[in-house]
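Report on one structure; see the data block that follows.
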Amino acid sequence: MAAAAAPPPPPTAAPEPNMVPQSSPIGHPLFSRIRLATPLDVPFIHKLIHQMAVFERLTHLFSATESNLSSTLFTSPPFKSFTVFLLEVSRSPFPTTAVSSSPDFTPLLKTHNLDLPVEDPESYNFTPDMLNDVVVAGFVLFFPNYSSFLAKPGFYIEDIFVREPYRRKGFGSMLLTAVAKQAVKMGYGRVEWVVLDWNANAIKFYEQMGAQILQEWRVCRLAGDALQAFDNVNI
């Protein structure tokens, strides 16, 4: 005789509202600030430049010291010569009443809603104040140049760099935008920089930002012994 069919299972009770699984990540807010760097930031700027040299495979050209940076970077008012914007991040909001280090620039604040928290194993090397969780994440160094064709000054970006844990999150765009906005504010005609030809990701990023990659131009440079040799040249 065939076995009798098992009775159907009792209906499952509907889950409580707080038991419903999340359909999307809760999110991890990260707060950022771009501000003018000061001489107190030199140790972080030095570390950032070294990390950039490692990334660009140019450590054989790196000879900067904290002392050299201190004596050359902060000799003129902001935007009149060498200027550094520092990118900082924090898990807590930055105070909106933060006082700028200069009347020439008000810090830029932004909130980033990330799906996952940022893992930064080197944060202890980039923390200005051990009493809070502010971490230096990147920088941009720029200075004025001049276009005779436009008869206007502009900005030349020497360095723009975001530390590895904070890449692909919009921070590079923030730094570049901060320089471009300052150029517009001052009535400048353009912002320029160079990019290594093998850095396809950077080239794509700059093009997405609206930059034109000038293939027909080449950088010419006199440095080191080749530059010093001109000391003995008679004009």
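Quick notes on this structure:
- The residues of region 160-206 that are small (Gly, Ala, Ser) and in contact (Cβ under 8 Å) with a residue 40 or more places away in the chain, listed by number, are Gly170, Ala178, Gly189.
- When Phe161, Phe142, Phe94 are checked against the criterion of being at pLDDT below 95 and of a type in the set (Phe, Trp, Tyr), Phe94 stands alone in meeting it.
- Flag for Arg57 being open to solvent by 30 Å² or more (accessible area, probe 1.4 Å), more than 20 Å from Ser123 (Cβ to Cβ), of a type in the set (D, E, K, R) and at pLDDT 95 or above: yes
- Only one of the numbered conditions (1) β-branched (Val, Ile, Thr); (2) farther than 29 Å from Val184 by Cβ; (3) touching a residue at least 24 places away in the same chain (Cβ under 8 Å) is not met by Thr38, and that is (2).
- Cβ-Cβ under 8 Å pairs, at least 6 apart or on other chains, region 76-89 side more than 16 Å from Tyr156 (Cα to Cα), far side of a type in the set (Asp, Glu): Pro77/Asp104; Leu86/Asp41
- Qualifying residue in region 170-186 (condition: among the charged types (D, E, K, R) and under 21 Å from Leu73 (Cα atoms)): no
- Criterion (part of a loop (DSSP other than H, G, I, E, B) and either closer than 22 Å to Ser173 by Cα or basic (Lys, Arg) (or both)) met by exactly one of Val118, Val89: Val118
- Flag if Asn145 is open to solvent by less than 50 Å² (accessible area, probe 1.4 Å), free of Cβ contacts under 8 Å to residues at least 60 places away in the same chain and out of contact with any helix residue (DSSP H, G or I) (no Cβ under 9 Å at 6 or more places or on another chain): yes
- The number of residues in region 170-213 that are assigned to a helix (DSSP H, G or I), aliphatic (A, V, I, L, M) and surrounded by 13 or more Cβ atoms within 10 Å (Cβ to Cβ) comes to 9.
- Residue count for region 148-159, restricted to those that are open to solvent by 40 Å² or more (accessible area, probe 1.4 Å) and not basic (Lys, Arg): 7.
The values are calculated or read from the model by the stated rules, or taken from the named source; none is laboratory data. Owing to the predicted nature of the structure, the values given are computational and were not obtained by experimental measurement. Here Cβ is always computed from backbone atoms with ideal geometry, including for glycine, and neighbour counts include all displayed protein chains. Calculation scope for accessible area: heavy atoms of the full protein, side chains included, ligands and nucleic acids excluded. Shrake-Rupley method; radii C 1.70, N 1.55, O 1.52, S 1.80 Å.
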